[in-house]
Amino acid sequence: MLRAIIIPIALLAAACSPPASEPAAKSDMDGMNMNEPAAAAAGPVSGTGVVTQVDAAAGTITFNHEAMAAINWPAMTMQFTAEDPSILQGIAVGDRVNFELKSASETGIVTMVQKQ
Ligand SMILES: [Cu+2]
C-alpha cells in the first residue's frame, strides 16, 4: 500500500524536473495522473512561490514553488508557460506570488499569477 503511493510521487517529481515546455514531461505526467482523483484532474491547481525568472514576451515564468499536495509535487524550481502572456505583466523576479496551473493534467501551463 505504501509502495503504491510512493512510486507515483517519485515518478512525478522526476517528470516535473525538466522545463515544462518539453512534451515528454507532459505525457509522463498524463500517465501519472490516472491515479489522481477525477476532481483533482479537472480544475485549476493552486500554488505559492517566488518568481526566479519571467519573460513576458516569451510567455515564460519560473517559480521556486512550495509543495503542491494536490498533484504530489515537492517544493522545487521549474518553468511554466503562460496561457495568456499578458498575465505576466507587472510580475518581477523576487515577487512572492500565488499562481494557478491549468489542471492536474496540464501542469506546464500557468493561467493566473498574483502578487501576495
Ligand atoms: Cu514543480
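Being exposed (fewer than 15 other Cβ atoms within 10 Å of the Cβ) and not in a loop (DSSP other than H, G, I, E, B) is the filter; apply it to the range 67-77 and report the residue that is farthest from the ligand (Cβ to nearest atom).
Keep residues of the range 67-77 that are exposed (fewer than 15 other Cβ atoms within 10 Å of the Cβ), which gives 67, 69, 74-75, 77.
Of the ones still in play, those that are also not in a loop (DSSP other than H, G, I, E, B) are 69, 77.
Details: ALA69: 12, THR77: 8 Å.
By that ranking, first place goes to ALA69.
Restricting attention to the range 78-105, and to residues there that are within 13 Å of GLY43 (Cα to Cα) and touching a strand residue (DSSP E or B) at 6+ places or on another chain (Cβ under 9 Å), which single residue is nearest to the ligand (Cβ to nearest atom)?
Per the stated criteria, the residue is LEU101.
Kindly indicate whether MET29 is surrounded by 13 or more Cβ atoms within 10 Å (Cβ to Cβ) and modelled with pLDDT of 60 or more. Outline the logic, then answer.
On the way: surrounded by 13 or more Cβ atoms within 10 Å (Cβ to Cβ): yes; modelled with pLDDT of 60 or more: no.
No, not satisfied.
Among the residues of the range 62-77, how many are over 11 Å from VAL50 (Cβ atoms) and not polar (S, T, N, Q)? Steps first, answer last, please.
If we filter the range 62-77 for residues that are over 11 Å from VAL50 (Cβ atoms), which is where we start, we get 67-74, 76.
Now narrow it down to the ones that are not polar (S, T, N, Q): 67-71, 73-74, 76.
Residues meeting the conditions: 8.
Per-residue answers, yes or no, for (1) among the polar types (S, T, N, Q); (2) outside any loop (DSSP other than H, G, I, E, B):
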{"position": "GLN79", "(1), (2)": "yes, yes"}
{"position": "SER86", "(1), (2)": "yes, yes"}
{"position": "ILE91", "(1), (2)": "no, no"}
{"position": "GLY94", "(1), (2)": "no, no"}
{"position": "ASN98", "(1), (2)": "yes, yes"}
{"position": "LYS102", "(1), (2)": "no, yes"}
{"position": "THR107", "(1), (2)": "yes, yes"}
{"position": "VAL113", "(1), (2)": "no, yes"}
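Can you tell me which residues in the range 49-60 are surrounded by 15 or more Cβ atoms within 10 Å (Cβ to Cβ) and part of a strand (DSSP E or B)?
The first filter runs over the range 49-60 and keeps only residues surrounded by 15 or more Cβ atoms within 10 Å (Cβ to Cβ), leaving 49-52, 54, 56, 59-60.
Answer for the range 49-60, where residues must be surrounded by 15 or more Cβ atoms within 10 Å (Cβ to Cβ) and part of a strand (DSSP E or B): GLY49, VAL50, VAL51, THR52, VAL54, THR60.
The values are calculated or read from the model by the stated rules, or taken from the named source; none is laboratory data. All figures in this text were calculated on a predicted structure; none of them were measured in a lab. Note: ideal-geometry Cβ built from the backbone for every residue, glycine included; neighbour counts use all protein chains shown.
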